[in-house]
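Inspection log for the structure reproduced underneath, given as structure tokens.
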Amino acid sequence: MPSAAPRRPARHGFSLIELLVVVTIVGLLIAMLLPAVQAAREAARRTGCINRLRQVGLAIVNYEGHHTTLPPGRVGCDDTGDTLAIPACPPGLPTEKRTAASGLVSILPQIEEQALYDRLSIEVGGLWNRNVDDLGWYADQAKCRGIKERLDVYVCPSDSSKELSDVYDPVVAATGSYALVMGSLGAGDPIAHVRYNNNGPFLYVTRHKVHQVTDGLSGTMAVGEVVLADTWESSNTWTYALAQADCLRTTTNPLNTQPGAGATYYRQNGAFGSNHPGGAQFAYLDGHVAWIGDDIDPDAYRAASTIAEGDATQ
């Protein structure tokens, strides 16, 4: 008799129920791991933010060491005419004295951006002065290209803002994540005092000396985070300094007050805030960086933004 053909081993596949069980288990594992992955990524971004803020803080320290003063918050006077009489801002100032260039422009040489500082050339023809009525400075190709450069050191890795802002149309400029601290006077206070007589380290025109910081450099905030830099309510173009917006902010409103909320001036509240959950990071005048939580006492928060004890209550 012919021998029987060898029997092939039976092949078993996944049943539909088994497949569904596997898919469910994988889905649960992903759901469990995703928050941990997101938390790890945010921790890395927050660390990157700390490093960049520290560079900005140390640049301010180095600027003071070279110039014997802190940089001004805004290099020039307001070009629309201030009612507050200050010797530095008499009527009829030349263009370069009316520049709205920010203190972050002033410290460019201290962050190894001397070439960009030279291209912006704020001493010749100004920068950001009368950005609607007089765009002579913007016609300068070097300045026009320069304000569109978005420097990594001025951008928090968690920032989701657009790289370029057209808030001040027709001017288009690069956004940033950080702003200088003016003090505790803001919306609700006379605007001229907010600009020139505020109680923090960075004002229009004024260049404070270290000995004026009687609260101590390690206890005085210098630079903080901001959010939604590409919107009018929280505009932050790093080359531009405007009271309550862009590179000059105050502690009038609590930390992480939503843009447009709280006490406002033309819908801008001048608040600091971040995309890091629960608070924001600040560089201090001695160069160190510290985390401030949303639950900080309001009086302590405002006091940390002033250069002299008791200023926040005035």
How about segment 162-265: which strands (runs of 3 or more DSSP E) wholly inside it have at least 1 residues that are modelled with pLDDT under 95, open to solvent by 10 Å² or more (accessible area, probe 1.4 Å) and not basic (K, R)? none
Using beta carbons and a limit of 8 Å, which pairs, at least six apart or on different chains, have the first residue in segment 40-68 and open to solvent by 20 Å² or more (accessible area, probe 1.4 Å) and the second one of a type in the set (K, R)? H67/R207; T68/K209
If only one of D299, D295 is open to solvent by 60 Å² or more (accessible area, probe 1.4 Å), more than 19 Å from S102 (Cβ to Cβ) and in contact with a strand residue (DSSP E or B) (Cβ under 9 Å, 6 or more places away or on another chain), which one is it? D295
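The values are calculated or read from the model by the stated rules, or taken from the named source; none is laboratory data. Computed from a predicted model, the values in this text were never measured in an experiment. No Cβ is skipped: glycine too gets one built from the backbone with ideal geometry, and neighbour counts run over all protein chains shown. Calculation scope for accessible area: heavy atoms of the full protein, side chains included, ligands and nucleic acids excluded. Shrake-Rupley method; radii C 1.70, N 1.55, O 1.52, S 1.80 Å.
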